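The next block holds one structure in the form of structure tokens; read it before the comments.
The values are calculated or read from the model by the stated rules, or taken from the named source; none is laboratory data. Everything quoted here is computed from the prediction, not taken from an experiment. Remember, those area values only see protein heavy atoms, side chains included, never the ligands or the DNA or RNA. Shrake-Rupley method; radii C 1.70, N 1.55, O 1.52, S 1.80 Å.
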Amino acid sequence: RSTFNVQDGSDFQDRVVNNPKPVVVDFHAQWCGPCKILGPRLEKMVAKQEGKVLMAKVDIDDHTDLLCSPLSPCFSCPQVSAVPTVLAMKNGDVVDKFVGIKDEDQLEAFLKKLIGA
């Protein structure tokens, strides 16, 4: 499957940061209405890429340890101040991001830029 749920910090390190493939990371929460719209839409668009990109889902309420505040000196963890936040990661680096809902055309452009298509 091209989509997976992040289990903990070491899982994030292994399956996202150390992944040779580009990974889209969806930071969401159960209580977030826009997340419920964006999540399935993003999953569908990632599935269309036929394995060229993966999608990691991170529930911010379950994984506060993966988040940094913008004032933190930490550079290895994602800075997420609102949900949904979607990061595009390549070779362990954040290369792009957006906050909020995007339509399918915008998501496709975001993914193509990440893949380099």
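Over the alpha-carbon set of the chain, work out the extent along each principal axis and list the three values in angstrom, largest first.
Principal-axis extents of the chain (Cα, largest first): 34, 32, 24 Å.
Of the accessible area of the chain, with the probe set at 1.4 angstrom, what percent is carbon plus sulfur? Walk me through the intermediate numbers first.
Numbers: 3190 of 6300 Å².
Result for the chain: 51 percent of the exposed heavy-atom area is carbon or sulfur.
Have a look at P84, P40, P22 and tell me which one the Gaussian network model of the chain (Cα, springs below 10 Å) gives the largest fluctuation.
Among P84, P40, P22, the largest GNM mean-square fluctuation belongs to P40.
So with the 1.4 Å probe, I'd like the accessible area per residue for the stretch 3-115, rounded to whole Å².
Numbers: 5880 Å² over 113 residues.
Value returned for the stretch 3-115: 52 Å² of accessible area per residue.
Calculated from DSSP H runs of 4 or more alone, at -39500 (n - 2.57) each and per residue, what is the 222 nm mean residue ellipticity of the chain, nearest 500?
After summing the helix terms and dividing by residue count, I get -8000 deg cm²/dmol.
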